[in-house]
Amino acid sequence: MTRTLKVFEKVILGCFLLLAISGRTLAQSDLITNIPARETISLNGKWQYIVDPYETGYYDYRYKERRENDGEAYWNNPVQKDKTDRKEHAYTDEYTLEVPGDWNSQDPKFLYYEGSVWYKRTFDFDKSDLNSKRVFLHFGGANYQTDVYLNGKKLGMHKGGFTSFNFEVPASVLKEKDNFLVVRVDNKRAKDEVPTVNTDWWNYGGVTRDVNLVVVPDNFIQNYFVQLKRPAPGTAPKTKNTEVQGWVKLSKAAAGETVTIEIPELKYKKSFPVTNGTADLNFKLPKVQLWSTDTPKLYNVVISSKSDRVEEKIGFRTIEAHGKQVLLNGQPVFLRGISVHEEIPQEIRRAHSKKDAAQLLGWAKELNANMVRLAHYPHNEHTTRLADSLGILVWSEIPVYWTIDFGNQEVFEKAKKQLDEMIARDQNRASIIIWSVGNETPVSPVRTEFMRNLIEEAKEQDPTRLISAALEVHYNEGKNTIDDPLGQYTDLVSVNEYLGWYGGLPNTNRTAVWETKYDKPLFFSETGAGALGGFHADSLTRFSEEFQEWYYKEQVAMMKRMPDNYVGLSPWIIADFRSPKRNNQVYQEGWNRKGLISSDGKKKKAFWVLKSYYDEMDEVKSAKPKASSK
Ligand code: GCU
């Protein structure tokens with residue numbers, strides 16, 4: 001007997017459905033990866049804006065959150081009905097910002113601005129061939145909290161300044177003409193955010209990375225992980241019958257689906273069954289040229305399902321920490337690194353484009369670096385993709401930086417979400433060998449537990465890469481002991497050291513002794529000294545190029561005396577960068593001057609000291625020419 005729902009039950013069910021729909025539009029959608037391979041409509045360009053330091057667009061005069069249809073909410077289109085109509089906000093072409101781009105560098109009034117800015121643009125959309133397709137709004141990144149509204153309807157909210165995110169655009173909200181898209185970005189710092197209120201970098205705000213509409217089939221390829229299986233510890237991966245592990249995730253769990261992996265250059269093609277929306281991949285490649293820093297070989301990998309097809313260039317390699325060494329494809333590798341902030345110093349702005357990535361990684365190449373530490377947050381995708389092509393190893397990091405609120409479970413969830421978003425976007429980048437869960441966090445039981453759980457999460461998400469963090473060092477009478485409890489959980493022990501800059505003078509390095517409590521590879525994730533480019537004096541004069549040059553000479557000499565678990569360094573930093581903490585108005589003026597390259601793009605004397613050390617450490621470059629047989 002069919003039980004007809006009583007009216008009351010129908011009403012309740014209807015309410016739940018409405019909530020579910022609204023909840024769906026409010027929920028951030030699972031990240032759609034490999035955007036360059038998708039059908040996209042770019043929304044980059046000039047957006048109109050309103051600066052809103054008092055959150056007037058979000059709260060009414062009683063500071064109550066405005067209702068969705070409140071005409072004075074900044075997410076609603078302020079069309080003046082007639083000349084008598086009062087509008088307390090308006091968007092005009094007199095006030096525009098370039099997207100992508102931080103706002104700080106686009107107008108002097110934004111230099112120190114921390115608060116909300118409402119961005120607005122309109123767009124048309126051809127809905128004619130939308131049947132059985134879905135539309136998403138994808139952001140490469142925006143700092144820090146982003147609230148997105150389309151035609152007055154809220155699509156969702158994202159927190160985190162450096163990871164990609166997307167929201168679905170319901171067909172019922174999307175119009176053919178004049179879609180009114182409003183994005184509020186709020187870059188205010190807060191104690192219970194990630195990062196917290198205290199950072200040694202500029203709090204650039206805004207829609208700092210690319211924005212796209214993404215059109216995908218109803219059941220599309222959401223994300224995938226295609227990497228080499230970790231070989232037995234210490235062994236090199238085979239170049240024949242190389243084992244690939246991973247998965248492909250579809251957006252829906254449709255019965256009987258399969259996915260196909262094709263690598264044309266290797267004449268490889270195989271289909272895999274999908275169970276509950278995911279296909280597990282375990283297959284062997286007939287033969288493969290491994291990706292390495294000297295031969296950054298990338299293969300075109302085609303992934304297809306019944307209704308979707310994406311392709312991507314993927315490199316195949318293995319990375320391991322084995323005993324005291326880091327092994328790339330089973331061979332010990334010395335990490336000739338350099339730290340990099342995501343900033344173009346000459347234009348005092350966030351880097352966001354392919355051209356910007358080419359400048360920053362080009363500088364690393366000029367240094368003869370084979371690795372970059374992308375500090376202290378995930379950089380834009382152009383950079384990690386270019387690192388794949390250039391054969392530059394990457395340390396990628398979430399901004400769990402200094403004094404995070406470690407005792408707060410919500411803060412842990414925020415950090416974990418940023419970690420998951422970082423890995424989800426870049427897990428197929430061969431260049432990325434290290435996920436870092438933080439930097440210089442003060443030792444305490446609650447902090448170590450917080451970080452240990454992040455390490456667990458990273459290993460869960462990606463069993464193929466090394467996990468690290470910049471740990472703390474004990475300094476006492478020239479003996480530097482690395483016994484940070486977090487070191488028991490990381491794959492390599494990384495520390496930032498500034499002997500001769502924050503402690504004593506560079507000659508103190510001559511008697512420095514290092515010891516690691518852990519039988520693991522030791523990596524110097526930072527070392528550096530400040531110099532104002534172009535300021536010359538004797539080497540004892542702080543902030544002169546000669547002081548910085550002396551510092552690097554002493555550091556290199558010390559590195560040559562390191563114990564046998566020393567596997568490399570990523571000195572701080574490739575170029576001067578903006579920081580509100582650097583207020584020596586003679587030498588800094590709001591710049592951290594530890595760059596090897598000055599804020600106007602000129603190499604300082606210390607650049608050449610590090611380069612000659614890297615040339616020496618570069619086996620290929622320093623290989624003695626073979627004695628001629630004559
Ligand atoms: C720290 C920190 C960096 C900072 C650097 C410095 O190690 O990790 O973010 O900029 O020191 O003092 O310059």
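Values in this text are rule-based calculations from the coordinates and carry no lab data. Because the structure is a prediction, the values reported are computed rather than measured. Every residue, glycine as well, gets a Cβ built from its backbone with ideal geometry; the counts of neighbours run over all protein chains shown.
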Can you sort THR92, THR258 so the residue with the fewest Cβ neighbours within 10 Å comes first? THR92, THR258
Vicinal HN-Hα couplings computed from phi for segment 519-530 (Karplus, 6.51 cos²θ - 1.76 cosθ + 1.60; Hz; Gly/Pro x): 7, 9, x, 10, 10, 8, 7, 7, 7, x, 9, x
Indicate the helices, whole DSSP H runs only, in the chain that combine a mean Kyte-Doolittle hydropathy of 0.5 or more with a Cα extent along their long axis of 18 angstrom or more. 7-26
The extension gain from ILE41 to ASP126, computed as 0.36 nm times the residue separation minus the Cα-Cα distance, is 29.5 nm
Per the 1/(1 + (r/R0)^6) rule, R0 = 22 Å and r from the Cβ atoms of LYS602 and LEU540, FRET efficiency to 0.05 is 0.45
Please list, ordered by chain and number, the residues whose modelled amide H lies under 5 Å from the amide H of MET371; skip anything fewer than 5 residues away on the same chain. ARG336, ILE338, LEU393
Summed side-chain charge close to LEU386 - residues other than LEU386 whose Cβ falls under 14 Å, Lys, Arg +1, Asp, Glu -1: +1
Subtracting the Cα-Cα distance from 0.36 nm times the residue separation, let me have the gained length for GLU94 to ALA171 in nm, one decimal. 24.5 nm
Between LYS270 and LYS252, with labels modelled 7 Å along Cα→Cβ, what's the label distance in nm to one decimal, could you check? 2.9 nm
Using each residue's phi in segment 309-317, evaluate 6.51 cos²θ - 1.76 cosθ + 1.60 at θ = phi - 60° and report the 3J(HN,Hα) Karplus result to the nearest Hz, with x for Gly and Pro. 7, 10, 9, 7, 8, 10, x, 10, 7
Using the crude model of +1 on Lys and Arg Cβ and -1 on Asp and Glu Cβ, and no other charge, please compute the dipole size for segment 185-314 relative to its Cα centre, in debye to 20. 580 debye
Segment 286-342 and segment 547-579 have their Cα centres apart by a whole-number Å value of 26 Å
Restrict the search to segment 74-169; then list the trypsin sites (Lys or Arg not before Pro) that DSSP places in a loop and that have at most 10 other Cβ atoms within 10 Å of their Cβ. LYS81, LYS83, ARG86
Starting from the 7 Å offset along Cα-to-Cβ, what nm value, one decimal, do you get for the label separation of ASN584 and ARG62? 5.5 nm
Expressed in nanometres to one decimal, the distance between label points 7 Å along Cα→Cβ at ALA236 and ASP178 is 6.7 nm
Zone of GLU619 (label point 7 Å along Cα→Cβ, backbone N under 18 Å): which residues in segment 360-375? 369-371
Would you mind checking which residues have amide H under 5 Å from GLY246's amide H? H placed 1.01 Å from N; only 5 or more apart, or other chain. LEU281
Dipole magnitude (debye, nearest 20) for segment 31-217, charges at Cβ of Lys, Arg, Asp, Glu: 360 debye
Separation of segment 219-278 and segment 488-503 by C-alpha centroid, Å? 37 Å
If neighbour count is taken as other Cβ atoms inside 10 Å, put VAL446, VAL620 in order from fewest to most. VAL620, VAL446
Charge tally in the Cβ shell below 12 Å around ASN212, where Lys, Arg are +1 and Asp, Glu are -1, ASN212 excluded: -1
Percent antiparallel among DSSP beta bridges (both partners in segment 334-621, rounded to 5): 20 percent
Given a Förster distance of 60 angstrom, what is the FRET efficiency for ASN507 paired with GLN80, based on the Cβ-Cβ distance and rounded to 0.05? 0.25
Computed E for MET562/TYR54 - FRET, C-beta separation, R0 60 angstrom, nearest 0.05: 0.65
Which far-off residues, 5 or more places away or on another chain, put their amide H under 5 Å from the one on ARG578, with H placed in the peptide plane? TRP202, ASN592
What are the ³J(HN,Hα) couplings of segment 161-170, residue after residue, when phi is run through the Karplus curve with 6.51, -1.76, 1.60 and θ = phi - 60°? Round to Hz, x for glycine and proline. x, 9, 10, 7, 7, 8, 10, 6, 9, x
Calculate for the chain the 222 nm mean residue ellipticity that helices alone would give, adding -39,500 (n - 2.57) per DSSP H run of length 4 or more and normalising by residue count, nearest 500 deg cm²/dmol. -5500 deg cm²/dmol
Among HIS376, PRO399, LEU361, whose Cα sits farthest toward the positive end of the charge dipole of segment 334-621 (+1 at Cβ of Lys/Arg, -1 at Cβ of Asp/Glu, about the Cα centre)? LEU361
Enter the Cα centre distance for the pair segment 43-59 and segment 588-611, rounded to the nearest angstrom. 36 Å
